[in-house]
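All remarks here apply to the structure that follows.
The values are calculated or read from the model by the stated rules, or taken from the named source; none is laboratory data. Being a predicted model, the structure only gives us computed values, none of them experimental. Note that each Cβ is placed from the backbone with ideal geometry, even for glycine, and that neighbours are counted across all protein chains shown.
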Amino acid sequence: MRKNILVLLALALGFSFRASAQSFVEGGQVSGSFQTDAQYYMLDKGIGINDLNGKKLGLNGFGKVNYTNGDFSAGIRFEAFMPELNGFRSELNGVGLANFFATYDNGFIGMTVGDIYDQFGSGLVFRTYEEWSLGMDNALRGARVVLRPTQGVTLKGVYGRQRFFWAPYLERDMGSDDYRGIVRGVDAEWDLNQSISSLNDSEFKMSLGGSFVSKKQADQSSFYNIPENVGAAAARINLGYGNFAFSTEYAYKINDPSAINNFIYKEGRALMSSLSYSQQGFGAVLQVKRTDNMSFKSMYTGKQNDLDINFIPPINYTHTHSLPSMYTYSTQPNGEMAAQLQVNYTIPKGTALGGKYGTKLAFNMSQVNDIVRDSVRFGNEMGLNQAGTLGYTSKFFAVSDHRFFRDINFEVDKKISKDWHITAQYINLYYDIETIEGHAGAPVVKANIGFMDVTYKINKRQSLRLELQGLWENEVHKGYEYEESEKKDYQKRGDWAAALVEYSVNPHWSFSIADKWNYGNPVEEYRDHYFTGTVTYIHDATRVMLSAGRQSEGVVCVGGVCRTVPASSGVSLTVSTSF
Amino acid sequence: MKKVMTLLLMALMVTGLHAQTKSDLPSITLKNLKGKDVNIAKLNNGGKPIVITFWATWCGPCIKEHNALNDVYEDWKAETGVKIYSVSIDDSRSTAKVKPVVDGKGWGFEVLLDPNGDLKRAMNVSNPPHTFLIDGNGKIVYQHTGYFEGAEDDLYEEILKLAKKKK
């Protein structure tokens with residue numbers, strides 16, 4: 001009897017093993033996506049493209065496949081830059097398997113090996129992510145463990161080396177003198193409302209978190225004494241009560257001399273807080289941020305966005321229309337004092353101003369200034385930001401008079417009738433182009449910008465959209481004789497007008513023509529038109545977009561999708577699909 | 001003996017069933033605007049259709065799509081019982097804005113936060129807006145990228161097909 005049972009059990013186990021092996025194949029899902037962005041470049045003396053530098057064609061493409069089966073998932077991503085599109089980093093040029101991972105996560109424990117994307121808190125000390133339209137990928141190749149020992153508690157640990165274009169994952173890429181360190185990090189988060197049952201449905205919300213990240217990198221400098229272990233820590237708290245929410249995160253990093261901070265031996269600090277109130281029909285949020293020397297890279301010689309371990313979020317409004325997005329603020333890694341206020345309000349339906357559908361209003365104001373830096377003593381001298389010294393001291397709450405950026409904008413979004421919809425926005429912009437884009441001596445951009453976006457629904461299938469934009473710059477030297485060498489700093493400056501007409505036939509087709517005209521450029525030869533024509537075909541999750549003409553730098557939204565494009569002239573094709 | 005056999009058979013059947021009812025949705029946990037964890041693989045609307053739509057506060061076409069969906073959502077719910085989950089892919093530069101924007105615009109969807117794009121990557125979303133329709137068994141039956149005026153009508157036709165099949 002017993003023997004029989006054992007045999008049966010063995011058989012059953014065998015069966016269920018077969019069953020599970022089978023279900024591993026049968027029950028699994030394969031999904032993925034492909035995208036190709038290609039551009040054929042043409043000479044265009046009109047906008048100063050006199051030489052293609054031997055590059056007639058650029059192509060960025062990727063294909064990724066994910067496999068998921070219950071608690072298990074795995075994926076690969078293949079990338080090709082043959083060669084990269086203009087505006088992308090030349091180090092991307094190449095073809096290969098860029099990314100792979102395998103994860104097992106049963107809710108209690110999660111393990112990932114391969115390329116890891118993750119973020120601790122708001123990312124002030126650790127964030128790895130990938131942004132295709134920017135050619136940005138700082139994935140951590142290594143391992144991650146996530147533990148959720150009880151409800152509401154999450155513990156994470158990561159270990160690995162970050163992606164640097166196509167460089168091999170070694171400490172030293174034999175092709176250069178750059179050394180890449182190892183990144184290690186731990187994070188803990190405790191959500192009191194989920195772990196304490198009496199707080200489950202409380203109006204009062206609270207969660208706490210803390211992280212520690214360190215990079216280990218060999219000191220290869222013959223001149224400086226570079227710390228081989230650099231640690232950074234952060235603590236955060238999120239509170240909520242009723243319609244109010246408050247969150248704050250503070251981060252600290254020990255001295256970390258690098259090419260970005262001019263090899264000073266100063267510690268780094270960052271504080272980011274937000275307070276919001278919202279109820280149905282009304283929402284307001286105030287954010288403040290202070291960062292000081294918080295660039296954190298796993299390669300101390302890194303420039304630009306190379307091998308960033310952390311992410312310092314810019315807190316300002318993200319514009320997507322072509323004129324306002326020409327002057328997009330980017331984070332200044334060495335220090336910023338920033339604040340932002342945003343208010344959204346919907347005038348209710350059925351009131352005099354709300355009309356039949358309600359009227360949506362939005363106000364946003366953001367400003368970024370420099371921090372205040374005071375000289376420090378080294379030896380018998382005083383100096384400010386001198387390499388090899390402590391750099392400077394900085395009072396935490398002091399705001400410098402040096403303003404980098406300010407944006408005040410107001411938007412009205414109104415559905416007028418069943419067929420008509422209008423959105424209008426006014427923007428007042430202050431943009432320190434010298435600091436943000438490095439045009440030495442170029443005057444600050446002070447501009448008023450307006451746009452109007454009108455949609456008319458012709459019938460159930462067809463619609464027409466008209467977009468009108470204007471940018472008026474107050475103080476550029478008009479009529480001034482520029483030296484040849486100065487001229488390039490005045491590209492895109494002065495007044496602009498732009499118009500776009502889009503005709504779309506739901507659900508597949510969209511046709512649009514657009515022009516941007518820099519009619520008020522202080523340099524006469526830059527008063528150019530940027531004409532483009534675009535055809536988009538969408539079928540379910542497949543999109544094909546063909547466009548021809550001139551593109552100036554910025555974010556373009558056509559065919560219902562937004563992405564950033566660099567300046568060029570020619571024909572471009574985008575094909576993307578997912579399954 | 002019989003009992004053991006029955007039990008084993010049942011175990012086998014359960015394994016088999018388990019394989020069949022597996023959802024297309026990845027097991028990724030996101031937070032909703034109340035701070036509660038929501039596991040995407042376990043989304044359940046009592047067998048009725050679910051719409052998952054990806055957006056961001058900085059994405060113009062997404063805002064248009066959301067406004068349009070919001071205008072018809074009450075009717076859709078009453079007619080088909082559909083539930084819309086709106087996944088914000090705003091990163092930490094704008095996560096704090098999501099709730100005030102959603103409330104300020106008066107949207108009635110359940111909004112989930114995907115600040116580092118975990119769900120976006122797992123569901124192969126390249127550019128928002130990207131909308132998925134999921135049937136009562138967790139299978140993706142329709143997806144669409146981009147937004148044109150009136151695209152919500154096509155989505156609704158697909159939802160109606162599902163709702164009819166159910167009956």
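Table for the structure above
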read-out	value
Whichever residue in region A:95-115 is surrounded by fewer than 20 Cβ atoms within 10 Å (Cβ to Cβ) and of a type in the set (Val, Ile, Thr) and, among such residues, is farthest from the other protein chains (Cβ to nearest Cβ)	A:95
Residue in region B:122-145 that is in contact with a Lys or Arg (Cβ under 6 Å, 6 or more places away or on another chain), under 26 Å from residue A:458 (Cα atoms) and not aliphatic (A, V, I, L, M) present	yes
Top-ranked residue of region A:98-126 - restricted to ones that are over 21 Å from residue A:273 (Cα atoms) and among the small types (Gly, Ala, Ser), ranked as modelled with the lowest pLDDT	A:107
Unmet requirement for residue A:458, which otherwise passes all of (1) at pLDDT 90 or above; (2) crowded, with 17+ Cβ neighbours inside 10 Å	(2)
Extreme residue, nearest to the chain's Cα centre (by Cα), among residues of region A:358-390 that are under 30 Å from residue A:316 (Cα atoms) and of a type in the set (A, V, I, L, M)	A:368
